[in-house]
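> There's a structure below that I have some questions on.
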Amino acid sequence: MLLKSIIRKTLGVKRHWVKEVNFTDGAVVIKLDIRRGCKQPCGTCGVMGRVRDRLRSRSWRHAPLWGMAVTLIYAPARVTCPRCGKVLVEAIPWSQGKSRLSVGLIWMLSDWCKLLPWQQVARLFGVHWSTVAAAVRQAVVYGLEHRQMGRVLYIGIDELSQRKGHVYITNVYDLQQKRLLWSGPGRTQETLRAFFKEQGN
């Protein structure tokens, strides 16, 4: 079925398949399953392991498809990891930690938040404001864990008023690559020292 192939490609799954697609009240519910006989990656170290058993089904809110809300349903597998020596939950390709938002929706909401206020993004996608906030938080956590500082020659420092009442944040920028390197609360010397301490200087 062409629709199932499109869904698999948008999710980027290879060891899973689309078991069922249902349209209910203008929304799409997609049920996924693992391919029989396929090993799955350990959620801790990524090494492939044999499937031991399955957990209870979970649901994830996914990026809209043709203007319709999408929900993913899947029962995560537990694998016997040869490296960790334990039975652990698989690494689910569309999931990040215990979030109920799919990775695709997290990045979509976060990208739109670069252009529009969070409340407007929430209205645009038909989600609660807290859902948008959660997506941005998770995107920031992922970015911090995977960022590569590289070679920074020139930095710029800016103090911004966060809201009324003289609440400030200090931003540090890479002036060559025009990117934000770090943000911290306050505008004191201690705030700036925290940046240099984090960088090991």
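The values are calculated or read from the model by the stated rules, or taken from the named source; none is laboratory data. Quick caveat, the model's predicted, so the values are computed rather than measured. Don't worry about glycine lacking a Cβ; one is built from the backbone with ideal geometry, like all the others, and counts go over all protein chains shown.
> Restricting attention to segment 1-58, report how many residues are of a type outside the set (A, V, I, L, M) and in a helix (DSSP H, G or I). Spell out the reasoning first.
So the first thing to find is which residues in segment 1-58 are of a type outside the set (A, V, I, L, M), and the list is 4-5, 8-10, 12, 14-17, 19-20, 22-26, 31, 33, 35-46, 49-50, 52-54, 56-58.
Now narrow it down to the ones that are in a helix (DSSP H, G or I): 4-5, 8-10.
Result for segment 1-58: 5.
> Of the numbered conditions (1) surrounded by 13 or more Cβ atoms within 10 Å (Cβ to Cβ); (2) out of contact with any Leu (no Cβ under 9 Å at 6 or more places or on another chain); (3) in a loop (DSSP other than H, G, I, E, B), Val127 satisfies every one except a single condition; which is it?
That leaves (2) as the condition not met.
> Since Val136 meets every condition but one in (1) within 30 Å of Arg15 (Cα to Cα); (2) surrounded by 13 or more Cβ atoms within 10 Å (Cβ to Cβ); (3) among the aliphatic types (A, V, I, L, M); (4) more than 21 Å from the chain's Cα centre (by Cα), which condition does it not meet?
Status for Val136: all satisfied but (4).
> For a quick check of your reading of the model, give me the residue pairs whose first member lies in segment 97-118 and is within 20 Å of Gly43 (Cβ to Cβ), whose second is of a type in the set (Asp, Glu) and at pLDDT 90 or above, with beta-carbon atoms closer than 8 Å and at least 6 apart or on different chains.
Sorted first by the residue in segment 97-118, then by its partner, the list stays empty.
> State which residue is farthest from the chain's Cα centre (by Cα) when the search covers only segment 30-47 and only residues that are closer than 11 Å to Val79 by Cα and surrounded by 16 or more Cβ atoms within 10 Å (Cβ to Cβ).
Filtering first and then ranking leaves Lys39.
Each row is one residue, and each column tells you yes or no for (1) free of Cβ contacts under 8 Å to residues at least 40 places away in the same chain; (2) basic (Lys, Arg); (3) under 16 Å from Thr131 (Cα atoms); (4) outside the structural domain of Ala133 (by TED's automatic domain parsing).
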position: Cys38; (1), (2), (3), (4): yes, no, no, yes
position: His62; (1), (2), (3), (4): no, no, yes, yes
position: Thr80; (1), (2), (3), (4): yes, no, no, yes
position: Arg83; (1), (2), (3), (4): no, yes, no, yes
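> Under 6 Å by Cβ, and 6 or more places apart or on different chains, what pairs join a residue from segment 179-196 that is loosely packed, with under 14 Cβ neighbours inside 10 Å with one that is among the hydroxyl-bearing types (Ser, Thr, Tyr)?
Going by the 6 Å Cβ cut-off, the qualifying pairs are Leu180/Tyr173.
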